[in-house]
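**Student:** One structure is given below, represented as structure tokens, and several questions about it will come after.
Quick note: the coordinates plus some simple rules give every number you see, no bench work behind them. Worth saying up front: this structure is predicted, and the values here are computed from it rather than measured. In this analysis, Cβ positions are derived from the backbone assuming ideal geometry, glycine residues included, and neighbour counts consider all displayed protein chains.
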Amino acid sequence: GGDTAASAARQADFIASTKFTGQRVGYVFKKGRLGLGYYKDEKPQAPSGAKKPSAAEAWAEKRVQAMEWRNGPNGLKLRDDKVGSGNETPRRGKMVTVHYTGKLKS
């Protein structure tokens, strides 16, 4: 009784086949944990709840934000085309070297 119901449910998720016999709507043909055959095509699910971004994701987001235009004094628009890679943050009174490109609107 119970084994037959479990087997029927499993058959809906997997159809064994030794070779590709054509497309089956809602299935993908592959070799998976149950062997070679047609597996139910399920869309990946995003994990529920917020997760902390990985170090790579945080680094990428920081780079994207640095390249966005921002407003400076007197209507000046600023954007970092290349962000420095040094370990020190300049402090008031320290000398820095800056390369810039200026463009007029018209």
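**Student:** Mind listing whichever residues of the stretch 75-92 are out of contact with any Gly (no Cβ under 9 Å at 6 or more places or on another chain), free of Cβ contacts under 8 Å to residues at least 12 places away in the same chain and surrounded by 10 or more Cβ atoms within 10 Å (Cβ to Cβ)?
**Tutor:** K77, G84, P90
**Student:** Shifting gears a bit: Only residues that are loosely packed, with under 10 Cβ neighbours inside 10 Å and among the aromatic types (F, W, Y): list them for the stretch 42-74, please.
**Tutor:** Within the stretch 42-74, just W69 meets the criteria.
**Student:** Now for a separate question. Quick one: how many residues across the stretch 26-80 are of a type in the set (K, R), under 16 Å from the mean Cα position of the chain (by Cα) and within 25 Å of H99 (Cβ to Cβ)?
**Tutor:** Qualifying residue count for the region: 2.
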